[in-house]
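In what follows, a single structure is set out as structure tokens and then discussed.
Every read-out reported here was derived from the displayed coordinates using simple, explicitly stated rules and does not represent laboratory data. Computed from a predicted structure; not experimentally measured. With ideal geometry, Cβ positions are generated from the backbone for all residues, glycine too; neighbour counts draw on all protein chains shown.
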Amino acid sequence: MKKNIKALIITILGVILIFALHYYGCFSRYNYFTAKIDIHSNNYKLIEIEIPFSIIYDERKIANKYNFSVINERVTIFVNYKIKGVKVYTNQMRKHIRSSLGEYRYKKYLHEMDSLNTEISKTVFH
């Protein structure tokens, strides 16, 4: 009887652990652990989800000036865990890029990206 209770508790904890890992995007290609590995190997990249090619091309040019890359990842609506993994990955990368560039250069990068987004929104919505 005690063995059955222990087995049941272990099974429930295992299912909860797998659900939590899945929920936070750990089974995604991009997640917290791959972000740490990429940071350690000096392979900085930001992941964008479903951005039109013309926009991502300009973002890549700006990012290359600051020694990191931008990747456009296509994600369907039904794979929500991928989106969560990408968000965690990108947050870790942004923190590290901010610390490695320094506050001034990071603000300069953000300003360039904001200028690009403003320019694009003017052409698209007018």
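At a Förster radius of 22 Å, what calculated FRET efficiency corresponds to the Cβ-Cβ distance of residue 66 and residue 24, to the nearest 0.05?
0.20
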Inter-probe distance in nm under a simple model that places probes 7 Å from Cα toward Cβ, at residue 41 and residue 9: 4.1
Mean Cβ count within 10 Å, highest first, over the residues of peptides 38-48, 85-95, 101-111, 4-14: 85-95, 38-48, 101-111, 4-14
